[in-house]
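Asks: Here it is, the structure, as structure tokens.
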Amino acid sequence: MWRVVLGYSVALLNHVGEDGVWRSPGDDGIEVLVAPRRGAEVDPRRHTLRAAMDRAGWDGADCYLHCLPEYYPLPIDAFTATPQVAVAICDWNVAGRVSHLLRDHVDAIVCDHPGAEVLASPAGPPIVPGLLWGWDASSWAPARVDGLRDIDVLFVGSRNQAVHPRRERWLARLGRLGRRHRVRIHSEVYGQEYRSLHQRAKLVFNHSVRGEANMRSFEAPVAGACVLNERDNPTLPRVFEPDVEYVTYDADDLERVVDALVADEALRRSIARSGQRAALAHSYDVHWAEILGDLRHALDGAPPRRAPSGAAEALAEQWSASAVAEARASAGWAARSGGVDPGTAARTEA
């Protein structure tokens with residue numbers, strides 16, 4: 001049995017037991033202790049990995065995987081409680097300092113597929129690419145594609161210009177389409193209201209920040225909407241068939257694409273139906289079972305890479321860097337990434 005402690009999980013995992021343990025559906029030889037639990041207040045100096053494992057009845061674990069080190073400080077015993085340590089860097093576009101600090105002290109880095117090329121280094125730890133985002137099967141139920149939909153085009157997500165400068169320019173164009181279509185643009189909307197808006201939308205506009213497959217890529221089609229994604233996204237074709245299971249656009253044709261789909265109800269429903277069938281296979285449980293299996297393989301037999309003599313200094317600097325990064329994030333982003341609602345629309349990724 002390979003045991004991993006998952007810190008600050010970005011994954012909305014189902015069937016986590018009362019002891020905080022999730023058993024991977026993809027590999028019955030993997031057990032995951034989710035610590036801290038979603039929504040918990042955590043002080044990394046006092047709430048240690050050792051204490052979390054004791055509460056779960058674990059005498060130890062093989063690996064600690066810390067999500068979002070660009071925002072959340074590692075626990076004080078991160079480099080001593082388990083033999084191996086990995087980090088899942090999600091917003092690698094703002095994680096330059098943190099990834100540099102931790103590179104020599106972690107055994108692997110998990111990131112999205114575009115980040116694998118950016119973060120890879122001949123002298124660095126192995127990179128484990130994966131689909132970090134998905135849909136939460138406990139909060140989302142597939143909605144009828146042909147149900148009542150009174151919103152022509154919808155966007156709900158982060159409008160933090162420090163993180164999404166290109167997205168704001170796209171939303172300005174989307175807003176002008178409101179002169180002839182029913183367009184809704186929202187931010188800071190979570191939980192059931194977030195889900196309900198997507199169930200009312202014919203088209204859902206999406207634009208990733210790094211070329212990743214973000215949460216909206218999966219949640220919107222599950223909600224029965226036809227999703228608009230940027231044409232040059234390098235990750236989505238790994239999951240969906242472009243212009244069959246989602247619709248592509250670029251700077252030359254966004255308005256024409258929207259006009260055509262609003263006018264052609266049969267085409268819009270066909271793409272939405274195909275997208276929903278494809279998206280249903282991409283829950284968080286499925287994606288993170290694959291990620292953890294790949295991480296286990298990457299770490300198998302690998303000697304620890306970190307230098308104990310410098311780990312304490314790197315940890316102290318990471319605390320400082322992550323605190324600054326979190327302060328830069330919007331209040332809504334911080335609420336979502338803290339996981340206050342298991343059905344939340346979530347994080348800068350949204």
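The values are calculated or read from the model by the stated rules, or taken from the named source; none is laboratory data. Please read all numbers here as calculations on a predicted model, not as lab measurements. Every residue, glycine as well, gets a Cβ built from its backbone with ideal geometry; the counts of neighbours run over all protein chains shown. What goes into the accessible areas is simple: the full protein's heavy atoms, side chains included, and nothing from ligands, DNA or RNA. Shrake-Rupley method; radii C 1.70, N 1.55, O 1.52, S 1.80 Å.
Asks: Can you name every residue in region 164-223 that is among the acidic types (D, E) and surrounded by 20 or more Cβ atoms within 10 Å (Cβ to Cβ)?
Replies: Residues satisfying the conditions are E212, E219.
Asks: I've got another one for you. Just the residues that are acidic (D, E) and either in a loop (DSSP other than H, G, I, E, B) or surrounded by 24 or more Cβ atoms within 10 Å (Cβ to Cβ) (or both), please, taken from region 132-159.
Replies: Within region 132-159, D136, D146, D150 meet the criteria.
Asks: Ok, one more. Mind telling me which of the residues E168, E245, E241, E255 ends up being modelled with pLDDT under 95 and either farther than 17 Å from G157 by Cβ or in contact with a Lys or Arg (Cβ under 8 Å, 6 or more places away or on another chain) (or both)?
Replies: E168
Asks: While we're looking at this one, here's another question. When you check V227 against the structure, is it assigned to a strand (DSSP E or B), crowded, with 22+ Cβ neighbours inside 10 Å and touching a Pro at 6+ places or on another chain (Cβ under 8 Å), yes or no?
Replies: yes
Asks: Tell me which helices (runs of 4 or more DSSP H) are completely within region 250-312 and hold 2 or more residues being farther than 17 Å from P221 by Cα, or say none if there are none.
Replies: Per the criteria, 254-263, 284-299.
Asks: If you scan region 100-123, which residues turn out to be touching an Asp or Glu at 6+ places or on another chain (Cβ under 8 Å) and either open to solvent by 10 Å² or more (accessible area, probe 1.4 Å) or of a type in the set (A, V, I, L, M) (or both)?
Replies: L101, H113, P114
Asks: Moving to a separate point now. Collect the residues in region 160-192 that are among the aliphatic types (A, V, I, L, M), assigned to a helix (DSSP H, G or I) and within 28 Å of L280 (Cα to Cα), keeping them in residue-number order.
Replies: Residues satisfying the conditions are L171, L174.
Asks: Is there a residue in region 43-54 that is open to solvent by less than 20 Å² (accessible area, probe 1.4 Å) and under 16 Å from A321 (Cβ atoms)?
Replies: Yes - at least one qualifying residue is present in region 43-54.
Asks: Ok, one more. Scan region 1-19 residue by residue and report those that are assigned to a loop (DSSP other than H, G, I, E, B), surrounded by 20 or more Cβ atoms within 10 Å (Cβ to Cβ) and in contact with a helix residue (DSSP H, G or I) (Cβ under 7 Å, 6 or more places away or on another chain).
Replies: Result: A11, L12, L13.
Asks: While we're on this one: Based on what the data block shows, is P221 in a helix (DSSP H, G or I) and either modelled with pLDDT of 95 or more or under 17 Å from S139 (Cβ atoms) (or both)?
Replies: yes
Asks: Ok, one more. For region 216-233, enumerate the residues that are basic (K, R) and under 14 Å from T248 (Cβ atoms).
Replies: R231
Asks: Next up: Can you name the residue in region 80-99 that is closer than 16 Å to A314 by Cβ and open to solvent by 30 Å² or more (accessible area, probe 1.4 Å) and is also farthest from the chain's Cα centre (by Cα) among such residues?
Replies: Out of the qualifying residues, it is T80.
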